[in-house]
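Here, each number is a calculation from the coordinates, and none is a lab measurement. Computed from a predicted structure; not experimentally measured. Cβ placement follows ideal geometry from the backbone for every residue including glycine, while neighbour counts extend to all protein chains displayed.
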Amino acid sequence: MKLSPLITILLLSILLFNRCKTQKNILASDISEIYNSELRISKINSSMDAVAYMYERFGEWDVRQQNLEEKFIKPFVWHKVDLLENGKEYTIITSGVETMSEYFASFIIKDQEGKYCLPTSHEDSVDIIKFLVGEVTKLKVKNKTYLLIKQNL
């Protein structure tokens, strides 16, 4: 059976798309994804879970930034955080989105040199992603933490 060129291209596109999707999920799993240099975790209780995790583990944030996009929670930033307890310090930016079409908590992480840590080209990428996905998906946040975050949005 001979397929038309259009059908062949369509089938190849579907196969390529599925292959890319599978490779993306090897690191981040089905409950999260890497979008540019951002880890988006969707198995959460609240879009504020990234902020809540960092607050409960490392205390109050250093800086609150302005939103670049209206749908995002205002970013909270921690500097010089030894996230993996490996002696390396990171800058961690947390945010999240809770709309009708999107629901996730997010992390952007930079190393001491200012390089993004979540792309697979970074040496700490796999460890950071596995660690954060594991921590945030089992997170039990205190209500007072959510209230404090809401007051600072």
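Summary of computed values
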read-out: Among the listed pairs Lys115/Lys140; Lys115/Lys150; Lys74/Lys144; Lys80/Lys140; Lys43/Lys144; Lys80/Lys138, those beyond 27 Å (Cα-Cα); value: Lys115/Lys140; Lys115/Lys150
read-out: Charge sum, other residues only, whose C-beta stays under 12 Å from Glu123's C-beta, Lys/Arg counted +1 and Asp/Glu -1; value: -2
read-out: Cut-off under 5 Å, modelled amide H: who pairs with Tyr90 long-range; value: Lys80, Val81, Asp82, Leu83
